[in-house]
1. How large is the Kirkwood hydrodynamic radius of the stretch 1-89, in angstrom, based on all distinct alpha carbon pairs?
2. When the Karplus curve 6.51 cos²θ - 1.76 cosθ + 1.60 is applied with θ = phi - 60°, which whole-Hz ³J(HN,Hα) does each residue of the stretch 180-195 get, with x for Gly and Pro?
3. Hey, what's the stretch 142-195 come to in accessible area per residue, 1.4 Å probe, Å²?
4. Whole-Hz ³J(HN,Hα) for each residue in the stretch 3-13, computed from phi via Karplus 6.51 cos²θ - 1.76 cosθ + 1.60 with θ = phi - 60°, x for glycine and proline: what do you get?
5. Could you work out the relative contact order of the stretch 14-157? I mean the mean sequence separation of Cα pairs under 8 Å and 6+ apart, divided by the number of residues, in percent.
6. Taking amide hydrogens as modeled 1.01 Å from N in the peptide plane, which residues meet the under 5 Å criterion relative to Ile17, leaving out close sequence neighbours?
7. Each residue of the stretch 31-36 in order: what ³J(HN,Hα) in whole Hz does its phi give by Karplus 6.51 cos²θ - 1.76 cosθ + 1.60, θ = phi - 60°, with x for Gly and Pro?
8. Which distance in nm do the two modelled labels at Arg175 and Thr118 give, with both placed 7 Å along the Cα-to-Cβ direction?
Amino acid sequence: WSTFDVSTVHADAKGFIGAAFDGRYLYLVPYGNNSAPHGIVARYDTQGGFGASPSWSTFDVSAVNPRARGFAGAAFDGRYVYLVPYGSDSASHGIVARFDTQGTFGTSQSWSTFDVSTIDAEAKGFEGAAFDGRHLYLVPQYNGSEYLGIVVRHDTQGGFGASQSWSTFDVSTVRPGARGFLGAVFDGRYGYLVP
């Protein structure tokens with residue numbers, strides 16, 4: 001075991017929920033520190049020393065979209081890293097942030113956002129994601145007032161900002177208690193939501 005304090009690279013880089021790996025870089029998902037959601041993604045270059053500050057960098061996604069703060073989980077689709085929207089327990093949101101790994105990490109041009117609550121007003125407050133080789137699935141958790149079962153799916157062969165590339169399904173219509181999940185996994189055929 002070894003440790004590294006990311007806040008030595010950026011003082012506000014504290015309080016993460018989840019991570020993603022793109023084959024070289026590890027991305028820590030910003031949630032919040034001192035009870036306030038933030039958008040500071042921390043990235044570690046696995047080709048550098050774990051305890052070496054130059055191996056670490058940060059980017060504040062809220063520079064791209066001021067509401068892009070407080071995420072819970074991430075997924076990598078082979079090119080893009082997606083941050084899963086959560087917000088806070090009292091003010092959830094549906095803003096997915098996406099980083100193009102073919103771009104430069106520290107520049108706004110490599111990042112984009114999409115608000116899935118424009119597809120379904122209740123689609124807010126997710127925790128975790130899964131990727132099946134084509135589709136990204138956001139795991140429903142808590143929208144600020146109630147636990148939800150609304151799974152959001154993004155077709156990665158469509159445009160990220162195109163509403164027709166996004167769809168929803170409420171699993172609580174299959175079983176009323178199927179709400180408030182924490183993570184997901186794909187086994188090659190089936191996607192599973194963690195109760």
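The values are calculated or read from the model by the stated rules, or taken from the named source; none is laboratory data. Remember, predicted model here, so these are calculated numbers, not experimental data. For neighbour counting, all protein chains shown are included, and Cβ atoms are generated from backbone atoms with ideal geometry for every residue, glycine included. The accessibility values were calculated without ligands, DNA or RNA, using every heavy atom of the protein model including side chains. Shrake-Rupley method; radii C 1.70, N 1.55, O 1.52, S 1.80 Å.
1. 13.2
2. Whole-Hz 3J(HN,Hα) from phi for the stretch 180-195: x, 9, 9, x, 7, 8, 10, 9, x, 9, 10, x, 10, 9, 7, x.
3. 61
4. Once rounded to whole Hz, the list reads 9, 8, 8, 4, 5, 6, 8, 9, 4, 9, 7.
5. Relative contact order here is 17 percent.
6. It is Val29, Tyr31, Gly73, by chain and number.
7. 10, x, 9, 6, 6, 10
8. It is 3.5 nm.
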